[in-house]
Amino acid sequence: MCGDCMFQWLKKRHNPDKLKNLPQLIANLKTSGDFLHFKSEKTGTAFYIYYFKTLVNEKELSEKVIEPMGKHKVASLADVKENVPIPGIIITDDLSVVCEKVMVGYLIIRFSEVSDECALIPSPTDISRKVAQPEVEFTVVGSKEAFVESLDKNVHLIRKRLPVHELKAYELTIGKLTHTKVVVLYLEGITNQENVNTVKERLNSIHVDQVVDNSIIMQYITDDKNSPFPQLVDTERPDRAASGLCEGKVVILSEGSPQALLGPTTFVEFFSAFEDYFVNWIVASTARLIRIFAVLFSILVTPLYVATLTYHYELIPSDLLSTLVSSRQQIPLPPILEAIFLELSIELLREAGARLPTKVGQTIGIVGGIVIGTASVEAGLTSNVLLIIVALAALASFTTPVYRMGNTIRLIRFPFLLFAHLWGLLGVVLCFSFLLIHLLRLKSLGRPFLEPIYPLRVKDLKDALIRLPLNFQTKRPIQLQTEDTVRFEKDKNDFHE
């Protein structure tokens with residue numbers, strides 16, 4: 001199929017009457033500056049080699065192709081397959097196969113310039129970065145390996161953590177132009193086959209011209225494409241992907257993407273750092289509760305400030321009210337404009353810091369925040385109380401372990417601000433109700449997004465808002481509907497004397 005797509009693409013780009021045979025295909029490929037071709041007579045019989053120098057390992061070409069052919073006096077395509085020490089050599093006259101293979105690092109060898117039959121020798125060059133430390137999901141304890149842009153390396157990082165034959169890989173290609181290789185991983189006998197089939201069907205239904213990253217795939221296969229909430233977890237950690245497979249999740253990897261997609265997932269998983277499983281359960285549970293509190297604080301504190309000062313100032317204690325009044329005496333703006341001004345300033349600083357080089361971005365974030373905050377208070381545009389509140393809210397939003405969920409938290413603060421300005425505390429409650437209804441309707445690969453909170457799964461609460469000791473995690477999550485629900489027997493892990 002890939003070769004047919006490439007063949008059709010080449011036909012569209014050139015005269016439809018062309019590309020009827022291999023010589024015409026090679027003539028078209030020669031118009032590209034990085035397509036090399038030369039004639040060699042080292043074997044006594046002249047042969048022709050064609051390849052893209054940007055796709056082929058030229059050192060391997062010299063050592064494993066040209067030298068053995070000269071040594072063994074290769075005179076035919078059959079001799080090439082027999083004497084060249086490279087596995088996977090193909091002898092064909094199928095134009096679509098040639099189109100497909102030459103674009104992924106194969107050499108074309110033929111003994112006649114008019115013949116359609118040729119030998120295709122795999123010799124792709126490996127230009128990719130080495131496995132390095134995680135940058136987004138960095139942890140003090142635990143593995144220091146992260147996915148890279150090579151699909152084969154990423155699959156290797158998972159397979160070395162799960163060296164079992166039950167780990168199955170389903171491969172496909174997406175993108176009419178990019179021909180991106182995608183692999184779906186799952187554990188046979190554990191993962192619910194319905195979840196695997198759902199992922200396969202959604203991936204096979206993607207018919208686009210380019211797929212350059214897993215983020216593109218996620219947008220096509222999510223249940224609700226209009227929701228700001230991510231419905232699949234993306235991770236750069238192979239250990240987290242392997243752990244998800246052991247739970248019964250499905251993992252999606254793609255060529256060129258240094259991240260894996262895990263699903264089905266739940267809302268509470270986005271507030272669970274993988275480091276939680278490397279520390280004591282009390283410490284991990286406390287950290288999770290702090291994150292959840294921080295998210296609620298980040299969303300609600302500024303809208304509550306606006307609602308209280310606009311409609312409900314009588315709810316403020318008299319001692320605190322005098323402080324608020326004195327801080328707003330010289331402020332000409334209403335609370336809503338004051339809050340939006342500061343919120344947008346924070347977002348501008350955050351966006352500028354993210355787009356600039358690392359060292360410059362850190363300087364801009366720190367210096368810009370200090371300068372703008374101090375100047376806005378001294379100029380009488382904002383109160384010092386609101387400045388502290390917005391700064392704490394911004395800081396709280398960074399506690400979310402998953403970057404995509406952090407972006408969502410930043411976004412939904414603004415509707416809460418608008419509702420608070422229009423209807424006060426009633427508006428905050430109304431907006432929170434809309435948000436809750438939306439979350440109740442969300443699904444991840446067809447599974448409820450708010451599990452185990454709704455529908456209530458009491459047994460799954462042991463690893464939701466808090467994390468109980470590992471010897472309590474004897475069963476896999478009910479939400480995943482796994483074929484094998486038992487992880488281990490608790491009695492075998494009790495070492496009490």
- Query: Using the count of nearby Cβ atoms within 10 Å as a rough guide to exposure, how do SER257, SER345 rank from fewest to most?
  - Reply: SER345, SER257
- Can you give the extra length, in nm with one decimal, that the chain gains between LYS443 and ASN226 once fully stretched, where that is 0.36 nm per residue apart less the Cα-Cα distance? 76.9 nm
- Query: Roughly what angle does helix 193-204 make with the longest principal axis of the chain, taking Cα atoms, 0 to 90 degrees, to the nearest 10?
  - Reply: 70
- Query: Given the convex hull of the Cα atoms of the chain, what is a quarter of its surface area in nm²?
  - Reply: 32.2
- Item | Unit charges at the beta carbon, dipole of the chain: most positive-side option, HIS421, SER150, SER383 | SER150
- Note on the structure: From the Cα centre of region 427-467 to that of region 285-302, the distance in Å is 16
- Based on Cβ point charges of +1 for Lys and Arg and -1 for Asp and Glu, what charge dipole magnitude is obtained for region 151-265 about its Cα centre, in debye rounded to the nearest 20? 240
- Message: With +1 assigned to the C-beta of every Lys and Arg and -1 to the C-beta of every Asp and Glu, and no other charges, what is the dipole magnitude of region 280-447 about the Cα centre in debye, to the nearest 20?
- Response: 920
- Query: When only Cα pairs under 8 Å and 6 or more residues apart are kept, what is the percent relative contact order across the chain?
  - Reply: 13
- Task: Just name one of HIS37, HIS165, LEU177: the one whose Cα is farthest towards the positive end of the charge dipole of the chain (beta-carbon charges, Lys/Arg +1, Asp/Glu -1).
- Result: HIS37
- Estimated [θ] at 222 nm from DSSP helical runs (n ≥ 4, -39500 (n - 2.57)) normalised by residues in the chain, nearest 500: -14000 deg cm²/dmol
- Expressed as a whole-number percentage, the relative contact order of region 37-89 with C-alpha contacts under 8 angstrom and at least six residues apart is 33
- Query: Just how large is the dipole of the chain about the Cα centre, in debye to the nearest 20, putting +1 at every Lys and Arg Cβ and -1 at every Asp and Glu Cβ?
  - Reply: 320
- What list do you get for PHE111, PHE47 if you sort them by fewest beta carbons within 10 Å? PHE111, PHE47
- Query: Under a point spin-label approximation (7 Å from Cα along Cα-to-Cβ), what is the LEU435-GLN219 distance to one decimal in nm?
  - Reply: 2.5
- Query: Got a sec? Charge dipole of the chain, +1 on Cβ for Lys and Arg, -1 for Asp and Glu; which of ALA352, LEU439, GLY406 is way out at the positive end?
  - Reply: ALA352
- Task: Pull out the extension gain between LEU344 and LEU172, defined as 0.36 nm times the separation in residues minus the alpha carbon to alpha carbon distance; nm, one decimal.
- Result: 57.6 nm
- Task: Go ahead and run the numbers for FRET between VAL283 and GLU60, Cβ-Cβ distance against an R0 of 60 Å, rounding to 0.05.
- Result: 0.75
- Stretch LEU337-LYS475 to full length: gain in nm at 0.36 nm per residue minus the Cα-Cα span? 44.6 nm
- Message: What do you get for GluC sites (Glu not before Pro) in region 177-214 restricted to DSSP loop and a cutoff of at most 14 other Cβ within 10 Å of the site's Cβ?
- Response: GLU188
- Task: Compute the relative contact order of region 280-447 as a whole-number percentage, counting only Cα pairs closer than 8 Å that sit 6 or more residues apart in sequence.
- Result: 39
- Query: What does a probe at TYR454 reach in region 247-274, counting residues whose amide N is under 20 Å from the point 7 Å along Cα→Cβ?
  - Reply: 265-271
- Query: Going by average Cβ neighbours within 10 Å, how do the peptides 134-140, 263-269 rank, with the highest at the top?
  - Reply: 263-269, 134-140
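FYI, it's all coordinate maths here, none of it is from the lab. Bear in mind that the values here come from a model prediction, so they are computed numbers and not experimental data. Because the Cβ atoms are built from the backbone with ideal geometry, glycine has one as well, and the counts that use them run over all protein chains shown.
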